Amino acid sequence: MINNPDLSDDHEEVELGDSGQSFLQDHTPDPSETTNNPHEGFEHRYKLYVSHFLSAWNSRLIEFGSVLFLSTLYPSTLLPSSIYALVRALSAVVFSSYVGHLVDRTGRLTVIRLSIAGQRIATASTCVLLYLLTVSDRTPSRAWPLLLALAVLACVEKLSATMNTIAVERDWVIVMAGKSVQHLQTMNSQMRRIDLSCKLIAPLMIALIDGYLTKVAIIVTLSVAVVSLPLEYILISKVYHAIEELHIRSRIRRDCESSTAATSILSYLSRSVHHTASDLKYYITHNAFLPSISLALLYLTVLSFGGQMINYLISLSYSSTSIGILRTLSAICELSATFLAPLVMDRIGAIRAGIWFLNTQLLFIGIAAASLWFTSHATASLTNIVFLASVILSRVGLWGFDLSAQILIQEDVEFDSRGKFSAIEAGFQNAFEMLGFASTIVFSRPDQFRFPAAISAGSVAVPGVFYALFVRRRRGHLVHVSDCVNKRGQKGSGRQERERGEWTRVSQNDESTEIET
């Protein structure tokens, strides 16, 4: 079950010992007591959803828009957009441990406000530089200072977005869900729907505007970032002050607080290396490591309507509008997974749902990658249709597995280590994403895109092996039909006995093989 921080009536900080166990007063209230009123609880969740929508909208807008703008400015090469995305991902790998410790040891409201401000300022500054790039000389020798500044701003935006995601999805949501796994699953699905809805609408909107005029699209992105900043500040502040559990900021060890004051650069770097090594050991030896690393490996892909694939489609003469429509279709499939995954998990459990969704993704990604190797000028149109359809359908498996794995991770990770674990996971996600960008730097010509696509297919197969090991370790077997299928024999006169399989609801906790009746 989920380990939620308990509360003291006066909201004092809770000091933890080396074992990570909290010592609380006997009069500590149950977290569920603050959500007895369903209307009040929904009001708080609604404000959190709106705040998350504003954050996700801005993140998706600049994530897609910046790559689209660079691809429009440099249509003949994948290099500028790949380097931009590579540096952006590298920043998250290098500083992920620091972000995690910041989330664990800083006041919740302070962390969220810092992430919002950092994201919006970086987005606004990026839009200003992109606008200058559209009106200036774009030759690499003269544009490199602007491109370098864009890369730095991309790092700030990425780290701020990562901090916001970790704090909200891996901490605030768990606290607000209380002790109910059902509430946690519902909030997870709703947060994912918001993110995918933004992924569906924001790129389409900016692609349509960019199809009209790139300068206008940049100005719109800038305006949205500026206008949404105060509104999100107000909403997240109201949620924080309404939920008492969010006021508590636990500490793992008191010496961690004193270590933040570095006496020298050398000692600071030494402590940073020590903390990073300690965090990595904690992550790798954790029970949730295998589902987490399986999820992270899926980020090593170019088959996702991201920057590299957008550049590839532009090289095939697809317009910005067409790419926006295709990405919208992909997002619709992803959004459908947020409705399908809870139904499947409710029926067969999160662990088994994960392996079904992961195999679904592997099937379609394999078809997409293979289609690029068996194409010719005569069959180009058919190959493109198979390729695009397979990539779009694979998103159902991806996000279904994402939701399944997230439930397992949230249930297993201790509350005082959520930021640390999630930050290391985010670091691996960005490291694998960075390798994906590196693959299109090495194979930068559009006609070489089939090589990164093949690597992407392999990056789905490997998580399949890792997750199978997790299932085997957790359940003791990979396939046990009798646990989810109740076979009832039917006898016919003079005929062989027939068996009919019927699905039976099972417990959410897949560690037990007993059927919940």
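The values are calculated or read from the model by the stated rules, or taken from the named source; none is laboratory data. Computed from a predicted model, the values in this text were never measured in an experiment. Cβ coordinates were reconstructed from backbone atoms using ideal geometry, including for glycine residues, and neighbour counts include every protein chain displayed.
Taking the criterion of being farther than 28 Å from Arg193 by Cβ, hydroxyl-bearing (Ser, Thr, Tyr), outside any helix (DSSP H, G or I) and out of contact with any Asp or Glu (no Cβ under 8 Å at 6 or more places or on another chain), would at least one residue in the range 437-447 satisfy it?
Yes, there is a match, as at least one residue in the range 437-447 is farther than 28 Å from Arg193 by Cβ, hydroxyl-bearing (Ser, Thr, Tyr), outside any helix (DSSP H, G or I) and out of contact with any Asp or Glu (no Cβ under 8 Å at 6 or more places or on another chain).
Condition test on Arg193, is it within 26 Å of Ser322 (Cα to Cα), in contact with a helix residue (DSSP H, G or I) (Cβ under 9 Å, 6 or more places away or on another chain) and outside any loop (DSSP other than H, G, I, E, B)? Talk me through it step by step, then tell me what you get.
Details: within 26 Å of Ser322 (Cα to Cα): yes; in contact with a helix residue (DSSP H, G or I) (Cβ under 9 Å, 6 or more places away or on another chain): yes; outside any loop (DSSP other than H, G, I, E, B): yes.
Yes.
Of the residues Ala426, Ala468, Ala431, Ala461, which single one is farther than 30 Å from Phe374 by Cα, surrounded by fewer than 21 Cβ atoms within 10 Å (Cβ to Cβ), modelled with pLDDT of 50 or more and within 20 Å of the chain's Cα centre (by Cα)? Outline the logic, then answer.
Numbers: Ala426 fails: surrounded by fewer than 21 Cβ atoms within 10 Å (Cβ to Cβ); Ala468 fails: within 20 Å of the chain's Cα centre (by Cα); Ala461 fails: farther than 30 Å from Phe374 by Cα.
Being farther than 30 Å from Phe374 by Cα, surrounded by fewer than 21 Cβ atoms within 10 Å (Cβ to Cβ), modelled with pLDDT of 50 or more and within 20 Å of the chain's Cα centre (by Cα) holds for just one of Ala426, Ala468, Ala431, Ala461, which is Ala431.
All but one of (1) under 20 Å from Ala405 (Cα atoms); (2) buried (at least 19 other Cβ atoms within 10 Å of the Cβ); (3) modelled with pLDDT of 80 or more hold for Ala202; which doesn't?
Result: Ala202 passes all but (1).
Which residue, of Arg120, Arg142, is crowded, with 18+ Cβ neighbours inside 10 Å, part of a helix (DSSP H, G or I) and among the charged types (D, E, K, R)? First the steps, then the outcome.
On the way: Arg142 fails: crowded, with 18+ Cβ neighbours inside 10 Å.
Selected residue: Arg120, the only one of Arg120, Arg142 that is crowded, with 18+ Cβ neighbours inside 10 Å, part of a helix (DSSP H, G or I) and among the charged types (D, E, K, R).
Filter the range 358-380 for residues that are loosely packed, with under 15 Cβ neighbours inside 10 Å and under 17 Å from Pro446 (Cβ atoms) and give the result.
Trp373, Ser376, His377, Ala380
Determine, yes or no, whether Arg192 is at pLDDT below 85, within 14 Å of the chain's Cα centre (by Cα) and within 19 Å of Tyr98 (Cβ to Cβ). Before the answer, list the steps.
Details: at pLDDT below 85: yes; within 14 Å of the chain's Cα centre (by Cα): yes; within 19 Å of Tyr98 (Cβ to Cβ): no.
Here the answer is no, as Arg192 does not meet what is asked.
Give all pairs with beta carbons closer than 6 Å in which a residue from the range 459-473 that is closer than 18 Å to Ser394 by Cβ meets a residue that is buried (at least 21 other Cβ atoms within 10 Å of the Cβ) and small (Gly, Ala, Ser); count only pairs at least 6 apart in sequence or on separate chains.
From residues that are closer than 18 Å to Ser394 by Cβ, the pairs are Pro463/Ser294; Tyr467/Ser294.
Enumerate the pairs (first residue in the range 366-385 and farther than 15 Å from Val302 by Cα; second residue anywhere and at pLDDT below 80) with beta-carbon separation below 7 Å, excluding pairs fewer than 6 apart on the same chain, so at least 6 apart or on different chains.
From the range 366-385, the pairs are Thr383/Thr375.
Check the range 406-417 and report whether any residue there is closer than 22 Å to Arg475 by Cα, free of Cβ contacts under 8 Å to residues at least 12 places away in the same chain and out of contact with any strand residue (DSSP E or B) (no Cβ under 8 Å at 6 or more places or on another chain).
Residues of the range 406-417 that are closer than 22 Å to Arg475 by Cα, as a first pass: 406-414.
Filter again for free of Cβ contacts under 8 Å to residues at least 12 places away in the same chain, leaving none.
Taking every residue of the range 406-417 in turn, none turns out to be closer than 22 Å to Arg475 by Cα, free of Cβ contacts under 8 Å to residues at least 12 places away in the same chain and out of contact with any strand residue (DSSP E or B) (no Cβ under 8 Å at 6 or more places or on another chain).
Condition test on Arg170, is it in contact (Cβ under 8 Å) with a residue 24 or more places away in the chain, buried (at least 21 other Cβ atoms within 10 Å of the Cβ), among the charged types (D, E, K, R) and closer than 30 Å to Glu244 by Cα? Full working, then the answer.
On the way: in contact (Cβ under 8 Å) with a residue 24 or more places away in the chain: yes; buried (at least 21 other Cβ atoms within 10 Å of the Cβ): yes; among the charged types (D, E, K, R): yes; closer than 30 Å to Glu244 by Cα: yes.
The answer is yes for Arg170.
Pick from Ser189, Ser228: which is within 30 Å of Leu343 (Cα to Cα), small (Gly, Ala, Ser) and touching a residue at least 60 places away in the same chain (Cβ under 8 Å)? Walk me through how you get there before you give the answer.
Working: Ser228 fails: within 30 Å of Leu343 (Cα to Cα).
Answer to the selection: Ser189.
Please enumerate the residues belonging to the range 280-335 that are assigned to a helix (DSSP H, G or I), more than 30 Å from Ser97 (Cβ to Cβ) and free of Cβ contacts under 8 Å to residues at least 24 places away in the same chain.
Within the range 280-335, Leu313, Ser322 qualify.
Considering only residues that are aromatic (Phe, Trp, Tyr) and surrounded by 22 or more Cβ atoms within 10 Å (Cβ to Cβ), look in the range 271-308 and name the one that is nearest to Gly397 (Cα to Cα).
Kept after step one, since they are aromatic (Phe, Trp, Tyr), are these residues of the range 271-308: 282-283, 289, 299, 305.
Filter once more, so that each one left must be surrounded by 22 or more Cβ atoms within 10 Å (Cβ to Cβ): 283, 305.
Working: Tyr283: 25, Phe305: 15 Å.
By that ranking, first place goes to Phe305.
Scanning the range 309-323 for residues that are buried (at least 23 other Cβ atoms within 10 Å of the Cβ) and among the β-branched types (Val, Ile, Thr), which turns out nearest to Ile206 (Cα to Cα)?
Top of the filtered list is Ile323.
May I ask you to list the residues in the range 341-357 that are assigned to a helix (DSSP H, G or I), within 22 Å of the chain's Cα centre (by Cα) and surrounded by 17 or more Cβ atoms within 10 Å (Cβ to Cβ)?
Ala341, Pro342, Val344, Met345, Ala350, Ile351, Arg352, Ala353, Gly354, Ile355, Phe357
Let's see how each residue does on (1) among the hydroxyl-bearing types (Ser, Thr, Tyr); (2) more than 25 Å from Arg113 (Cβ to Cβ); (3) at pLDDT 85 or above; (4) in contact with a helix residue (DSSP H, G or I) (Cβ under 9 Å, 6 or more places away or on another chain):
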site	(1), (2), (3), (4)
Ile236	no, no, yes, yes
Asp255	no, yes, no, no
Ala261	no, no, no, no
Leu266	no, yes, no, no
Lys281	no, yes, no, no
Ser294	yes, yes, yes, yes
Leu300	no, yes, yes, yes
Tyr312	yes, yes, no, yes
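Just checking, does the range 149-161 include any residue being among the β-branched types (Val, Ile, Thr) and either surrounded by 18 or more Cβ atoms within 10 Å (Cβ to Cβ) or part of a helix (DSSP H, G or I) (or both)? Before the answer, list the steps.
The initial filter retains those residues of the range 149-161 that are among the β-branched types (Val, Ile, Thr), namely 152, 156.
Keeping just the survivors that are either surrounded by 18 or more Cβ atoms within 10 Å (Cβ to Cβ) or part of a helix (DSSP H, G or I) (or both) gives 152, 156.
Yes, the conditions are met somewhere in the range 149-161.
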